[in-house]
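Reviewing the structure listed below.
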Amino acid sequence: MMASESSAPDAVQAARQAYYQRIGSQKLTPLWEVLHGLVLPQPKSDCRAAFWQYDALRPYIMEAGALITAREAERRVLILENPGLPGQSRITTSLYAGLQLILPGEVAPAHRHTQSALRFVVEGSGAYTAVDGEKTIMEEGDFVITPSWTWHDHGNDSAQPMVWMDGLDIPLIQALDCSFMERGAEETQPLSKPVGDSLARYGAGLLPLDYEPATRTSPIFNYPYRRTREALDTMRRTEAWDPCHGLKMQYVNPATGDYAMPTIATFMQLLPKGLAGERYRSTDATVFNIVEGSGYSMVGEERYDWTKRDTFVVPSWVPVSHHAPNGDAVLFSFSDRPVQKKLGLWRESRGNR
């Protein structure tokens, strides 16, 4: 009940309640009763800051490998579920995240769906993802894309388990009611291109003559960490450190210069030893995964002490500051920033403003 309602005389309140019941039978509701909860002065989300320590999760991930096969599960993933959004399979209000396990010799069968997906390799070396006829071998720190409505399967020809983080726009697609999915006729798709074809074709500062993008997703589907790390190391020589982010770069679509994915922004940042980052907040709730080093982040009033492979989430418009007191650290992150920017909604704030 709004303040104006509570201050109204009893007879007026009774008349209004009777009116609300009558219009309710016509599937109507009065805006003035709910406006304060619909149009907010600033973001207020059920999404909460949360932290997952990889060393604590790993035994459960490996136990899942003994309980169900990748073929049975289709995708053997433990969902990172935001504590403020229980039962919704969400890490933020618009994004899903989980940790997927592929054991040696296994295959996660081919399928396709309208949801866009990223894979960020957390542990292991030598497993693969195949997307629309091209296979890529995955290494720790690699950022791999599965574009919307592309056939993809995963496998592990190595001798060790592989774990990667899945990030998908599942909640966004659910909100738009445009989810479609198909399973492949065969467990693995036929390959029509050599390993590394997309990186060679589009990732060397070159494009094929007369190339016209067919989708809004990058034609590169594996951004190797070794290249990303080399770029950060080269750029650090200028010591042009951002007081909030250290040295932060975004992954881009080389054909357009836009984000690598149309609904999910992906970033990699280097925090130099001794950085005490300034407070930063933005409207895109962001998922962070630690690639190298150790340190801590203040998310609102929460302090998360992190090390390699840990994950944490920063809700919309909650201030965060990163600190690397012991040595250099590298953080991967992703958010729904492309959607917000295309709609003209994205905002940021630095320091204590």
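Taken together, the values in this text are just the output of simple stated rules run on the coordinates, not laboratory data. These numbers were taken from a predicted model, which means no experiment stands behind them. Every residue, glycine as well, gets a Cβ built from its backbone with ideal geometry; the counts of neighbours run over all protein chains shown.
A few comments on the model shown:
- Here the peptides 161-168, 274-281, 25-32 are ranked by packing, the mean other Cβ count within 10 Å, and the order with the highest first is 161-168, 274-281, 25-32.
- Simple label model, 7 Å out from Cα along Cβ direction - SER45 to GLU348, nm: 1.6 nm
- Dipole magnitude of the chain, debye to nearest 20 (Cβ charges: Lys/Arg +1, Asp/Glu -1, about Cα centre): 880 debye
- Rg and Dmax, both from the Cα atoms of the chain and both in Å, are 22.9, 78.
- Taken about its Cα centre, region 131-240 carries a charge dipole of roughly 420 debye when the Cβ of each Lys and Arg holds +1 and the Cβ of each Asp and Glu holds -1.
- Largest to smallest principal axis extent of the C-alpha atoms in region 279-353, angstrom: 39, 24, 18
- Based on the convex hull around the alpha carbon atoms, region 66-204 presents an average projected area of 9.1 nm².
- Normalised by the number of residues in the chain, the average gap of Cα pairs under 8 Å and 6 or more apart makes the relative contact order 15 percent.
- Annotation for MET235 and THR29: the two label points, set 7 Å from Cα along the Cα-Cβ direction, are 4.5 nm apart.
- In plain terms, the chain from LEU78 to ASP242 could stretch by 55.6 nm, reckoned as 0.36 nm per residue minus the Cα-Cα distance.
- Inverse of mean 1/r across different Cα pairs in region 1-132, Kirkwood, Å: 19.8 Å
- For the chain, the number of Lys pairs separated by eight or more positions or lying on different chains, with C-alpha atoms closer than 25 Å, is 8.
- In this calculation the C-beta distance from ALA66 to ALA8 is compared with R0 = 56 Å, giving a FRET efficiency of 0.30.
- Packing order of peptides 318-325, 114-121, highest average first: 114-121, 318-325 (average count of other Cβ atoms within 10 Å over each peptide's residues).
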